[in-house]
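The block underneath contains the structure these notes are about, expressed in structure tokens.
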Amino acid sequence: MTKKIHTILSLLIFLMALGLSLGAASSRALAEDVEIDKITKKVFLSVVRVEARNGRRKVATGVVIDKEGYIVTTALISPHDEKLYVITSDGDRLDAEFLGMDSVTHLALIQADAKKLTPIAKGEVENISPGAWIGVVSISPDDTPAVTQGIVSSLAKDKLRLNVWVVRGASGSPVVDSRGRMVGLIRGAYINSGMTVRFIQRGEEGLFVDRSEAPSSGMAMAVPVDVIDRVCTEIRKTGKMKRGWLGVSIAENEAGQVEIVDVEHESPAELAKLEEGDVVLEFEGKKITSTEMLAEEIRMHEPGDDVDIKIERDGKTMDVKVKLGEFSEKDIMREFQFKFPRLFAPDRVKPVPMPDFEDSKLFRWVGGVQNYIGVSLQELTPELSEHFGVKEGKGLLVAKVLEDSPAEKAGLRVGDVIVKADGERVGRVNVLQRLIRDKDKGEKITIEYLRDKKKKTVEIEIETEEREFEFSSMNWDKYADVFRKYSDKLQNQYKESQKKYKKTAEKYRSAYERYRCIRV
């Protein structure tokens with residue numbers, strides 16, 4: 001009898017091993033059958049780099065979703081960014097407009113100033129299942145395709161969990177199936193029940209949405225394509241994605257319950273007489289087990305919805321009916337400031353105006369390592385603009401080209417008139433200086449110029465040079481006191497800005513670490 005049982009067990013173990021072997025072989029065959037190079041080439045045409053500037057440079061990835069230039073990306077590209085650009089896979093730099101964002105999915109919709117972009121093909125989430133192959137196509141720092149592959153870990157109504165590595169700047173990248181169709185969009189690295197992103201700055205290259213370095217950073221969170229379509233359609237219609245708002249801050253207490261730690265004035269919660277210290281037990285009949293769950297339940301409702309909330313107050317349970325308000329853009333920005341104070345520092349200090357000197361050649365000062373292309377420029381007068389055929393009336397005349405400089409190597413000549421740089425019109429020298437200064441050594445700036453009244457375009461590589469700190473002696477004694485006062489104002493402004501920024505960052509970070517609270 002014992003021998004018979006032993007034989008049966010041995011047979012079962014053999015069959016299980018055979019099944020695992022066949023399953024592994026099947027998985028390998030599936031991965032090998034996917035033509036990753038062809039998928040990458042096809043998808044990369046629809047992937048763009050999104051750059052935003054607002055005192056600093058932020059970089060993310062975006063996906064073209066239709067021929068009208070609509071692009072979906074991460075909401076960490078915000079409406080408060082002063083300049084917004086899109087760089088296509090072909091290297092074209094386009095102006096873009098921010099259209100709206102969603103606080104729940106962290107998606108943003110922008111529109112590029114172009115009508116010939118290639119929209120990505122879309123798949124259906126229903127056609128993928130746990131274990132299915134997926135790929136993520138991004139743009140590398142070298143402006144070439146960056147590809148990772150993995151499998152679907154699990155699916156939910158509003159999220160995809162993926163076994164795939166998230167590379168730097170990949171937030172906003174498309175998740176594609178084995179036919180190269182988008183089935184989702186990367187939000188960031190997945191850890192426990194939430195999504196974690198980290199931002200680092202490498203020199204002046206910009207702030208990138210980066211992977212988490214937690215043990216589970218080999219997993220990522222993505223937004224399903226059907227949710228993307230719904231959010232983008234709503235933003236195109238109304239300029240925003242309407243989400244429900246209760247008007248409280250919630251945190252988990254020592255017993256692990258979701259407790260209200262603050263009630264906002266004139267909020268739906270205050271009108272419904274919810275109080276600080278109330279414990280939320282149920283929302284619309286669902287047992288609440290975490291702050292994230294309650295936040296998601298509230299924001300999946302629309303403003304104006306009547307909802308039932310069961311709370312515990314002083315050991316007694318109570319049923320409360322609340323009419324939800326709308327989670328506004330102000331609330332969204334406050335939440336982002338709370339989570340990402342480095343990216344969304346509020347209330348930037350206003351710049352100190354430059355003194356109005358009578359002599360524009362009073363002084364000049366340069367110092368340290370400077371970016372340059374090697375030209376001397378003169379701003380056009382109306383008469384010069386007419387002479388050189390600059391219809392818009394603004395441009396920079398090349399008065400001198402330094403020998404063996406990047407400009408000379410690129411073919412720029414004396415008498416050329418620069419009208420645009422990286423797609424931005426330049427009528428003043430300081431505009432071009434700013435664009436050059438924001439580049440890294442080795443990067444290229446696209447210059448559009450007129451030669452013999454004909455438009456030409458050239459790319460010039462940025463180089464750096466060491467300059468000594470110096471002043472012109474012209475009228476220095478006359479204006480020394482004015483300049484010293486201006487310098488003092490600049491230093492005070494910098495100190496005030498740093499102090500305010502650190503105070504705000506510490507406030508939000510301290511509150512987050514202490515309470516782990518969420519505003520809903």
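The values are calculated or read from the model by the stated rules, or taken from the named source; none is laboratory data. Here the structure is a predicted model, which is why all the values come from computation and not from measurement. Note that we place each Cβ from the backbone using ideal geometry, even for glycine, and neighbour counts take in every protein chain shown.
Of everything in the stretch 264-282 that is touching a Lys or Arg at 6+ places or on another chain (Cβ under 9 Å) and farther than 14 Å from ASP319 by Cβ, the residue that is surrounded by the most Cβ atoms within 10 Å (Cβ to Cβ) is PRO268. Criterion first (modelled with pLDDT under 90 and surrounded by 14 or more Cβ atoms within 10 Å (Cβ to Cβ)) does GLU408 satisfy it? No.
Where strands (runs of 3 or more DSSP E) fall wholly inside the stretch 180-259, the ranges with 2 or more residues that are buried (at least 20 other Cβ atoms within 10 Å of the Cβ) and modelled with pLDDT of 85 or more are 182-191, 219-224, 248-252. Among the hydrophobic types (A, V, I, L, M, F, W, C) and touching a Lys or Arg at 6+ places or on another chain (Cβ under 8 Å), is that true of VAL261? Taking the combined requirement at face value, the residue does not satisfy it.
When the stretch 303-327 is limited to residues that are surrounded by 15 or more Cβ atoms within 10 Å (Cβ to Cβ) and under 14 Å from ARG243 (Cα atoms), the one that is modelled with the lowest pLDDT turns out to be PHE327. Only a single item in (1) closer than 30 Å to ILE445 by Cβ; (2) without any contact (Cβ under 8 Å) to a residue 60 or more places away in the chain; (3) of a type in the set (Phe, Trp, Tyr) is not met by TYR70, and it is number (2). Consider LEU384 carefully, then state whether it is hydrophobic (A, V, I, L, M, F, W, C) and at pLDDT 90 or above. Here the answer is no, as LEU384 does not meet what is asked. Of the strands (runs of 3 or more DSSP E) lying entirely inside the stretch 420-497, the ones with 3 or more residues being surrounded by fewer than 16 Cβ atoms within 10 Å (Cβ to Cβ) and at pLDDT below 85 are found at 463-467. Scanning the stretch 108-139 for residues that are surrounded by 13 or more Cβ atoms within 10 Å (Cβ to Cβ) and among the hydroxyl-bearing types (Ser, Thr, Tyr) turns up THR118, SER138.
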